[in-house]
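Undergrad: Got a structure here, written out as structure tokens. Questions coming.
The values are calculated or read from the model by the stated rules, or taken from the named source; none is laboratory data. Everything quoted here is computed from the prediction, not taken from an experiment. Note that we place each Cβ from the backbone using ideal geometry, even for glycine, and neighbour counts take in every protein chain shown. Just so you know, the surface numbers come from the protein's heavy atoms only, side chains and all, with ligands and any DNA or RNA stripped out. Shrake-Rupley method; radii C 1.70, N 1.55, O 1.52, S 1.80 Å.
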Amino acid sequence: MRVTKGAKIATGTALLALGVAACGGGGGSSSGGGDNPRAASGTVYIRGCEPQTGFVPGNINETCGGTINDFVYSKLVKYNSDTAAPELDQAESIETTDNKVWTIKLKSGLKWTDGTPVTAKNYVDAWNYTAYSPNAQLGSFWFGDIEGYDKVNTQDPDGPDGPKEAPKPETDKLKGLEVVDDLTFKVTLTAPISVFRTKLGYSTFSALPEAFFKDPKGFAQKPVTNGPFKFVQWDHNSQIIVEANPDYPGPEKPKVKKIVYKMYKDDNAAYADLVSNNLDFTELIPPSALAGDKWKTDLGDRAIDGQQGVIQTITFPVYSKEWGGNADFRKAVSLAIDRKTITEKIFNKGRSPINGWVSPIVEGFKDGACGDLCTYNPAKAKELLAKAKSEGYTPPAEFPIWSNADGTHKEWIEATVNSINQAFGPDAGFKFVHKDMPTFAELRDVVTQHKLKGVHRTGWQMDYPHIENFLNPLYKTGASSNDGLYSNKELDAKLHEADTATDPAQANALYQEAEAMLQQDMPAIPLWSYGLQAGTSKWVTGVKVTPFGVLDPLSIAIKEA
Amino acid sequence: MGRYAIRRLLQLVPVVLGTTFIINYMVWQLPGDPFAGRCGQRPCPDSYVTAMREQFGLDQPLLVQYWNFLKNLLTGNLGTDFNGVSVASQLGDAWPITIRLALMAVAFEAIIGIGAGVLSGLKRGGFIDNVVTLSTLFLLSLPIFVTAYLLQWVLGVQLHVIEPTVTDAATVPELIVPALVLASLNMAFTARLTRTSIVENLRSDYVRTAVAKGLSNRRVVGIHLLRNSLIPVLTFLGTEVGSLMSGAIITEGIFNIHGIGGLLWRAINGQDYTIVVPVATLLVLVYLISNLLVDLLYGVLDPRIRYE
């Protein structure tokens with residue numbers, strides 16, 4: 001595994017200063033006060049929320065469940081908390097010569113928490129189960145690259161709304177999966193994919209033990225797992241408790257005995273608990289505390305300031321003549337957005353402007369893919385707008401940027417709208433406005449039906465830290481999250497070339513070329529990448545935050561009093 | 001009185017049927033597919049959407065769904081929510097906490113509010129009256145969340161008198177501050193209502209008669225004046241019980257109390273009607289029954305009111 005050159009998780013790590021004089025080191029004599037209440041039980045409390053689905057890794061796609069699942073399941077590959085680089089975890093080796101046939105060998109002696117060994121069959125069975133469409137798993141599409149996927153996963157011919165039903169799949173076994181021996185299995189893909197190894201760290205690619213198949217429903221509530229922590233108890237809407245797995249073979253062992261994933265409805269409540277040291281970790285500092293950097297004053301050296309692999313963009317419905325505009329129009333809009341001022345004023349520098357379509361912390365990131373089109377330049381914006389109009393595009397008098405009212409998007413979109421309108425000037429003949437749909441579900445509903453009258457805000461949270469994850473699912477023709485129905489044959493070809501390149505360095509270079517091609521059409525306007533603001537209590541130390549913006553459960557340790 | 005109560009109870013049936021039907025209908029009419037927004041920026045797999053719709057009967061016509069709902073409600077089988085967790089157990093966890101909080105809040109409202117109202121009403125224009133008028137004005141002008149954050153920050157984070165949030169057990173001592181917060185606004189209402197009522201009734205004939213008969217001051221106020229003056233207050237507190245039972249979303253959120261408000265909030269956001277509908281139904285029942293109790297109490301308080 002290469003260590004990513006560009007990965008700059010500069011501040012993902014916050015080593016908390018232990019230098020309080022009174023807490024003196026080796027003597028073990030805690031003289032008066034400063035006793036750590038966490039020390040006796042070895043338990044730490046972190047902020048959580050109620051998972052939408054249970055502990056079945058192939059059926060999770062939201063962070064509340066994803067976070068706690070990553071504590072209890074190990075995957076073939078894990079991502080380094082500092083560099084985001086993929087490293088072998090349960091896999092002893094992952095080998096390929098052509099990026100198409102992959103031979104995966106597991107480490108020996110790996111165990112599930114019920115004592116049974118982790119075998120190649122566990123992986124193959126789990127993947128087959130997730131991919132098989134009658135099992136209706138949320139993560140099924142992840143196996144779409146494996147040979148025989150169309151035989152196990154059938155599509156409803158008229159979608160879920162239509163009267164017809166999806167035909168029953170021919171088989172429930174993926175042809176491309178083959179168990180070689182107890183610890184080895186072979187994966188055959190339909191086409192070469194250079195980032196397949198990196199993908200294997202995503203939770204959908206976890207294994208499932210025999211126990212799962214006896215009672216999938218019961219298992220989801222009370223799982224048998226193979227990660228650094230094991231499941232103890234789940235009190236719905238209030239807490240999930242996991243404890244250190246004594247059999248965990250990894251080189252870095254858990255440093256705490258128990259983690260309580262305590263659910264909060266309100267970020268402010270969690271923050272109040274954090275400040276008063278009742279809670280040991282939260283990665284959601286509420287806006288009220290971010291304002292004026294109050295959280296840094298409140299928390300002092302307990303504040304963690306980092307980055308995460310999430311970017312914000314504005315997507316154009318390029319399929320629509322009215323709202324999609326033309327390339328020059330979209331470029332003009334991009335030039336009219338003052339990203340620097342907005343990130344400073346609205347987000348208190350909690351987000352940083354980006355100059356491309358890829359998060360700066362992932363493998364393959366290259367600065368400046370957007371050229372000078374993502375830098376505020378009102379003069380040039382006006383020029384390009386005039387050009388766009390002369391090419392025959394007349395923007396509607398009112399041009400909305402849509403968002404969902406149940407998220408916190410109002411402020412920045414209004415700032416963006418103001419920035420654009422000011423840059424274009426009062427005589428532009430049209431105005432950008434901010435409009436809301438009540439909920440995220442409604443917004444997505446309209447977007448996926450391609451009926452949105454205007455552009456909409458899009459956020460992309462990476463599934464795995466690689467440049468490919470920011471391009472293929474979003475801009476390839478017909479890709480799953482290509483909201484604007486953008487299609488560019490040259491780009492598709494370039495992406496295909498990158499997918500099939502056998503040399504990782506070459507693949508990255510090709511992806512970078514593909515990213516730079518987005519500049520010509522600007523189907524989505526890059527805005528900024530998300531920072532990460534987290535905090536810890538005074539009882540814990542060593543806390544690291546992963547590139548996914550959640551706690552690295554192996555890093556947290558209790559301070560010695 | 002007994003016949004009246006029975007008649008009122010029977011009237012509940014059509015009201016419950018009507019309201020639950022409307023609730024079911026409205027949930028059904030909400031725009032947006034409850035399963036479309038569950039996969040973030042990606043569309044959910046079709047197989048997942050189909051399976052979920054089938055599991056929750058969303059593919060059935062409205063009347064069939066309503067019939068199934070009634071059947072399940074009567075057999076006590078509330079099923080599971082969209083997350084696959086038993087609805088009954090979630091309600092069983094959340095409701096006792098909410099009831100505890102609501103009763104405590106109403107108790108605070110009644111004791112402090114009525115007490116302050118009586119004191120200020122009896123000595124109109126006096127020192128206590130001015131204090132009460134001013135302090136209620138202050139409370140009325142503070143939104144609940146300001147009071148809540150203020151008390152949480154001062155008492156919890158700065159002074160460490162209380163913990164900033166309530167534990168999962170939500171014991172009575174822990175709930176005192178949240179209940180006070182919840183009661184603060186309506187405490188002021190109750191005090192003002194009581195005061196007005198007392199001031200008005202002080203001038204009434206029966207009070208003058210009672211005084212003329214030579215009854216002790218205590219008896220005049222305690223029996224004759226107070227009982228009659230409490231009717232509007234009781235009406236107010238009765239509806240208050242109902243609305244507090246529906247959970248105090250803001251207060252629960254700030255103090256992280258795992259009550260019905262938070263559950264309902266999450267369910268409404270996720271369009272999880274498996275929770276919204278039973279909770280709304282139960283709330284309808286709570287409202288109806290608390291209203292009935294208030295009506296019956298009128299007769300106890302005011303001998304002039306008779307139910308045939």
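Undergrad: Under the classification rounded if a/c is under 1.5, otherwise prolate if a/b is larger than b/c and oblate if not, where does chain A fall, given a ≥ b ≥ c as square roots of the Cα gyration tensor eigenvalues? Each step should come with its number before you reach the end.
TA: Numbers: a/c = 1.84, a/b = 1.20, b/c = 1.53.
Oblate.
Undergrad: For the range A:150-227, run through the GluC sites (Glu not before Pro) and keep only the ones in DSSP coil with at most 11 other Cβ atoms within 10 Å of their Cβ. Numbers along the way, then the final one.
TA: Values: sites: A:Glu165, A:Glu170, A:Glu178, A:Glu210; in loops: A:Glu165, A:Glu170.
Listed in order of number, the matching sites are A:Glu170.
Undergrad: Work from the charge dipole of chain A (Cβ charges, +1 for Lys and Arg, -1 for Asp and Glu, about the Cα centre) and give the residue of A:Tyr248, A:Ala220, A:Ala91 farthest towards its positive end.
TA: A:Tyr248
Undergrad: Quick one: putting +1 on the C-beta of Lys and Arg, -1 on the C-beta of Asp and Glu, what dipole do you get for the range B:91-301 around its Cα centre, in Debye to the nearest 20?
TA: On the way: 12 positive and 12 negative charges, 233 e Å.
That gives the range B:91-301 a dipole magnitude of about 1120 debye.
Undergrad: How much net charge surrounds A:Lys538 when only the other residues with a Cβ under 14 Å from the Cβ of A:Lys538 are counted, with Lys and Arg +1 and Asp and Glu -1?
TA: Cβ neighbours under 14 Å give a net charge of -3.
Undergrad: Mind checking the per residue accessible area of chain A for me, 1.4 Å probe, whole number of Å²?
TA: Working: 22060 Å² over 561 residues.
Normalised by residue count, the accessible surface of chain A is 39 Å².
Undergrad: Under the classification rounded if a/c is under 1.5, otherwise prolate if a/b is larger than b/c and oblate if not, where does the range A:358-467 fall, given a ≥ b ≥ c as square roots of the Cα gyration tensor eigenvalues? Write down the numbers at each step before the final one.
TA: Working: a/c = 1.92, a/b = 1.15, b/c = 1.66.
In terms of gyration-tensor shape, oblate.
Undergrad: Leaving out ligands, DNA and RNA, and with a 1.4 Å probe, what % of the accessible surface on chain B is carbon or sulfur? Kindly include the intermediate steps, with their values, before the conclusion.
TA: Working: 10420 of 14980 Å².
So the carbon and sulfur contribution to the accessible surface is 70 percent.
Undergrad: If you take the charge dipole of the range A:332-485 about its Cα centre, with +1 on Lys and Arg Cβ and -1 on Asp and Glu Cβ, which of A:Ala388, A:Gly484, A:Thr439 is farthest toward its positive end?
TA: The residue sitting most towards the positive pole is A:Ala388.
Undergrad: Determine the dipole magnitude for the protein assembly as shown: charges of +1 sit on the beta-carbon of Lys and Arg, -1 on that of Asp and Glu, nothing else is charged, the reference point is the Cα centre, and the result goes in debye to the nearest 20. The partial results should precede the final answer.
TA: On the way: 80 positive and 88 negative charges, 582 e Å.
With only Lys, Arg, Asp and Glu charged at Cβ, the dipole is about 2800 debye.
Undergrad: Roughly what % antiparallel, to the nearest 5, for the DSSP beta bridges in chain A?
TA: 75 percent
Undergrad: Using modelled backbone amide H atoms (1.01 Å from N, in-plane), which distant-in-sequence or interchain residues come within less than 5 Å of A:Leu279's amide H?
TA: Distant-sequence amide H within range of A:Leu279: A:Leu274.
Undergrad: Another one. Going by a 1.4 Å probe on protein heavy atoms, which residues of the range A:405-444 end up with at least 50 Å² less accessible surface in the whole assembly than in their chain alone?
TA: Residues passing the criterion (a loss of at least 50 Å², heavy atoms only) are A:Phe440, A:Ala441, A:Glu442, A:Arg444.
Undergrad: Run the simple label-point estimate for A:Ile241 and A:Glu398 please: 7 Å along Cα→C-beta, distance reported in nm.
TA: Between A:Ile241 and A:Glu398, the label points sit 5.6 nm apart.
Undergrad: If you don't mind, another one. In percent, what relative contact order does chain B have, based on Cα pairs under 8 Å that are 6 or more apart in sequence?
TA: On the way: 321 pairs, mean separation 80.1, N = 308.
Reported as a whole number, the value is 26 percent.
Undergrad: Compute the Cα gyration tensor for the range B:91-301, then decide on rounded, prolate or oblate, letting a ≥ b ≥ c be the square roots of its eigenvalues: rounded whenever a/c is under 1.5, prolate when a/b is larger than b/c in the other cases, and oblate in all that remain. Working shown, then result.
TA: Values: a/c = 2.84, a/b = 1.63, b/c = 1.75.
Cα axes put the range B:91-301 in the oblate bin.
Undergrad: Right, here's the next one. What is the set of long-range amide H partners of A:Gly48 at a cut-off below 5 Å, with H atoms built 1.01 Å from backbone N?
TA: A:Lys262, A:Met263, A:Tyr264
Undergrad: For the range A:213-360, build the charge dipole from Cβ charges (+1 Lys, Arg; -1 Asp, Glu) around the Cα centre, then report which of A:Gly325, A:Ser238, A:Gly309 sits farthest towards its positive end.
TA: The listed residue farthest towards the positive side: A:Gly325.
Undergrad: So, one more: Enumerate the amide H contacts of A:Lys431 below 5 Å, restricted to partners 5 or more residues apart or on another chain; note that Pro and chain-start residues carry no placed amide H.
TA: Excluding prolines and chain starts, which carry no amide H, the hits are A:Glu398, A:Phe399.
Undergrad: Which value in nm describes the separation of the simple spin-label points at A:Val101 and A:Lys431, placed 7 Å from the Cα toward the beta carbon?
TA: 6.5 nm
Undergrad: Could you compute how much accessible area chains B and A hide from each other, both sides summed, with a 1.4 Å probe? Nearest 100 Å² is fine. The partial results should precede the final answer.
TA: Values: alone 16990 and 23990 Å², together 37030 Å².
About 3900 Å² of accessible surface is lost on pairing.
Undergrad: Local charge sum around A:Asp483 (other residues, Cβ-Cβ under 13 Å, Lys/Arg +1, Asp/Glu -1)? Show your work: numbers first, answer last.
TA: Working: positive: A:Arg444, A:Lys451, A:Arg457, A:Lys476, B:Arg42; negative: A:Asp445.
Local net charge: +4.
Undergrad: Which of these, B:Leu73, B:Leu237, B:Leu182, has the largest mean-square fluctuation under a Gaussian network model of chain B (Cα springs below 10 Å)?
TA: Sorting by GNM fluctuation, first place goes to B:Leu73.
Undergrad: Can you spot the aspartates and glutamates whose alpha carbon is less than 17 Å from A:Lys538's alpha carbon? Ignore those fewer than 8 places along the same chain.
TA: A:Asp35, A:Asp273, A:Asp280, A:Glu283, A:Asp298, A:Asp301, A:Asp305, A:Glu560, B:Glu163
Undergrad: Can you list the aspartates and glutamates whose alpha carbon sits under 19 Å from that of A:Lys164, skipping same-chain ones fewer than 8 residues off?
TA: Hits, sequence-local ones excluded: A:Asp150, A:Asp156, B:Asp33, B:Asp46, B:Glu54, B:Asp59.
Undergrad: Still on this structure: Counting only other chains, and only Cβ atoms inside 10 Å, what mean value do you get across the residues of A:256-263?
TA: The shielding value for this peptide is 1.
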